[in-house]
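A quick write-up on the structure given underneath.
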Amino acid sequence: MEKEPDAVGATAGGIGETVGDVVELTYRLEAADHTSALEARLRVSRLGLLFRWVPVVVGCVAVAQIALYIAGVKEHVSLSASIMMLFLSVVLPLSPRLAGRRIAQYSARQGVLRATVTETGVTLASDTTNLTITWQAQPRYRETPRLFVLISGDGNATGFTPLPKHGLPDRADVDRLRALLDRHLTRC
């Protein structure tokens, strides 16, 4: 799919202004937003493959070893290692949720965030920070029921930016934002 070129340019005497659609969001990131963004990131990163399959494999091995231990084959089975593997198989899938809560504690200090999405990229502003992200820096995005997540192009999805739908003034803006992202980014 070929992308249209970015519509950048000067308007009547303005520097740094853009021509085209502009969508503005105002929000406070919640723990559920961070969790959703981390889960979306894991869906497209190489690390996500490990997060999906390692708990299943480790959990099955742990259950098999515990069953052998209970059946009396104790000389080749370490009960403590089996219990630790079982614990890891439960905790690893919970890590995005746990990390989301921790990140939310930090981001609460940022206060209210304002995002402006234009034909040239995304500008984020808070009481303490200003940041501009070009479409080239995060050329992909994933939509979840809660938010849009802009994602960097590397295999590990190192950079990501959540844009929560609850930060939009009304439902029509969700469609406008989706259309703007579709013009400049690749869905993943």
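The values are calculated or read from the model by the stated rules, or taken from the named source; none is laboratory data. Computed from a predicted structure; not experimentally measured. Cβ coordinates were reconstructed from backbone atoms using ideal geometry, including for glycine residues, and neighbour counts include every protein chain displayed. Quick note on the areas: whole protein, heavy atoms, side chains included, nothing else; ligands and nucleic acids left out. Shrake-Rupley method; radii C 1.70, N 1.55, O 1.52, S 1.80 Å.
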Between 0 and 90°, nearest 10: helix 171-184 axis offset from the chain longest Cα axis: 90 degrees
Per residue Cα convex hull volume in Å³ - calculated over segment 76-188: 137 Å³
Accessible surface, 1.4 Å probe, highest first, among residues Asp33, Asp21, Asp170: Asp170, Asp21, Asp33
Sulfur and carbon atoms: percent of accessible area, the chain [1.4 Å]: 62 percent
Spatial separation of Cα centroids for segment 146-188 and segment 72-125, in angstrom: 21 Å
Ellipticity estimate at 222 nm from DSSP helix runs (n ≥ 4, -39,500 (n - 2.57)) divided over the chain, nearest 500: -15500 deg cm²/dmol
Cα-based Rg of segment 46-134 normalised by 2.2 N^0.38 Å, two decimals: 1.82
Mean separation of Cα contacts under 8 Å (6+ apart) over length of the chain, as relative contact order %: 28 percent
Computed over segment 106-188: relative contact order in percent, which uses C-alpha pairs under 8 Å that are six or more apart: 22 percent
Charge dipole magnitude, Cβ of K and R +1, D and E -1 - segment 72-188, Cα centre, debye nearest 20: 220 debye
Top of Val122, Val73, Val56 by mean-square fluctuation, Gaussian network on the chain, Cα under 10 Å: Val73
Per residue accessible area in Å² of the chain, where ligands, DNA and RNA are left out and the probe is 1.4 Å: 57 Å²
Overall dimensions of segment 77-118 by Cα: Rg and Dmax, Å: 18.1, 59
